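The values are calculated or read from the model by the stated rules, or taken from the named source; none is laboratory data. From a predicted model like this one, the values you see are computed outputs, not experimental measurements. Please note: Cβ atoms are built from the backbone with ideal geometry, for glycine as well, and neighbour counts cover all protein chains shown.
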Amino acid sequence: MNVITAKTAGFCFGVERAMKILYDRIEQNDFPLYTYGPIIHNETVVKELEEKGVGVLESAEDIAALTEGTVVIRTHGVGPEICGIIESNGLKLVDATCPFVKKIHHIVSEKAAEGYRILIAGDPAHPEVRGIVGWCGNARVDVVGTVEAIEDLDASDDEKICFVSQTTFNAKKFKELVEVCEKKSYTCYVVDTICNATNERQEEARDIASKADVMIVIGGRNSSNTRKLYEICSESCKDTYFVQTLEDFTFRRNGLARTVGITAGASTPNNIIKEVQNYVRRFWTDA
Ligand code: F3S
């Protein structure tokens, strides 16, 4: 019986950094302390932070209602209007936006100022994308996810288009969309802003799932990068499980299984991965 745990499972660079920034604030006793949205998509971690006194603000109205405190911006980043509300209310802003997301903000705001129309490959409802849209100034912005959306783009032939992607967008799909866009006669400025951490995690997950009889993907239900990992693993391994913690793990033993693969999304703490790993080893040995 073989258990393969992905080397890329767990916190990515940006999440690790954001957690450190937040814990530094806790250590400095910088209360009242809030995060704008949960710092990571992991209920257990958010609950632990709540017990330490870290509040979660859900909306711009929540921020506007505050008169004192520190607001930590999570890895997804925010648009300038949120920064404006924090600052104009006399609150302290601590920016834990992932530097890779920050880079997208810089690209779109620069290109928008140069008169480009902005295309973002991603999910329009995702906070990262909403933040990026905020940095596009007065430029026309389209959030696209399909080849059809590019085909149907209401754009003139001489349009200048800057095309970026949400950091967690599927790399293969982005390539497809870019190919369609470049076939048109627009002036295209394309920057592949998909994060390497996501790419590497997806590749490793695909590779392990192709060798595994059972595959376990650990991560928050609201985490889009974990959902994508689950999709990728399910393509090569039909016995793929999506679990948030060990508690919701209902493992149906597959008697023929010889290899179990484990991977986890970017906001899954190491201790949860270890717990699942130990459980699988024990379960299989005792069964
Ligand atoms: Fe940043 Fe990439 Fe993680 S964009 S938050 S390092 S997945």
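For the range 52-70, does any single residue satisfy the condition of being within 14 Å of the ligand (Cβ to nearest atom) and under 21 Å from the mean Cα position of the chain (by Cα)? No; the residues of the range 52-70 include none that is within 14 Å of the ligand (Cβ to nearest atom) and under 21 Å from the mean Cα position of the chain (by Cα).
Is it true that Gly255 is among the small types (Gly, Ala, Ser) and modelled with pLDDT of 90 or more? No: the conditions fail for Gly255.
Among what's in the range 216-227 and is crowded, with 17+ Cβ neighbours inside 10 Å and modelled with pLDDT under 90, pick the residue that is nearest to Glu43 (Cα to Cα). Going through the qualifying residues, I end up with Gly220. Among residues that are away from the ligand (no atom under 16 Å from the Cβ), free of Cβ contacts under 8 Å to residues at least 12 places away in the same chain and either not in a loop (DSSP other than H, G, I, E, B) or not aliphatic (A, V, I, L, M) (or both), Asp142 is not included. Of the residues in the range 64-73, at least one is touching a Phe, Trp or Tyr at 6+ places or on another chain (Cβ under 6 Å) and under 30 Å from Phe163 (Cβ atoms). With respect to being in a helix (DSSP H, G or I), over 20 Å from the mean Cα position of the chain (by Cα) and under 26 Å from Arg206 (Cβ atoms), Val101 falls outside the description. Looking at the range 48-66, is at least one residue of a type in the set (S, T, N, Q) and either part of a strand (DSSP E or B) or surrounded by 13 or more Cβ atoms within 10 Å (Cβ to Cβ) (or both)? The answer is no, given that none of the residues of the range 48-66 is of a type in the set (S, T, N, Q) and either part of a strand (DSSP E or B) or surrounded by 13 or more Cβ atoms within 10 Å (Cβ to Cβ) (or both).
The sole residue among Asp207, Asp192 that is of a type in the set (Asp, Glu), at pLDDT 90 or above and in a loop (DSSP other than H, G, I, E, B) is Asp192.
Checking each residue of the range 249-267 against the condition of being in the same structural domain as Ser165 (by TED's automatic domain parsing), away from the ligand (no atom under 15 Å from the Cβ) and surrounded by fewer than 21 Cβ atoms within 10 Å (Cβ to Cβ) gives no match.
Taking the condition in contact with a strand residue (DSSP E or B) (Cβ under 6 Å, 6 or more places away or on another chain), hydroxyl-bearing (Ser, Thr, Tyr) and surrounded by 21 or more Cβ atoms within 10 Å (Cβ to Cβ), does Thr240 pass? Here the answer is yes, as Thr240 does meet what is asked.
Checked against the criterion of being within 12 Å of the ligand (Cβ to nearest atom), assigned by TED's automatic domain parsing to the domain that holds His105 and buried (at least 23 other Cβ atoms within 10 Å of the Cβ), the range 169-183 has at least one qualifying residue. Within the range 108-144, the set of residues being aliphatic (A, V, I, L, M) and more than 12 Å from Ile161 (Cα to Cα) comprises Ala113, Ala121, Ala125, Val129, Ile132, Val133, Val143, Val144.
Can Ala18 be described as closer than 30 Å to Glu275 by Cβ, within 16 Å of the ligand (Cβ to nearest atom), surrounded by 18 or more Cβ atoms within 10 Å (Cβ to Cβ) and assigned by TED's automatic domain parsing to the domain that holds Ala257? No, not satisfied. Going through the range 76-107 one residue at a time, which ones are crowded, with 18+ Cβ neighbours inside 10 Å and within 15 Å of the ligand (Cβ to nearest atom)? Within the range 76-107, His76, Gly77, Val78, Ala96, Thr97, Cys98, Phe100, Val101, Ile104, His105, Ile107 qualify. Screening Glu110 against (1) under 30 Å from Glu151 (Cα atoms); (2) surrounded by fewer than 18 Cβ atoms within 10 Å (Cβ to Cβ); (3) under 21 Å from the mean Cα position of the chain (by Cα) leaves a single unmet condition, (3).
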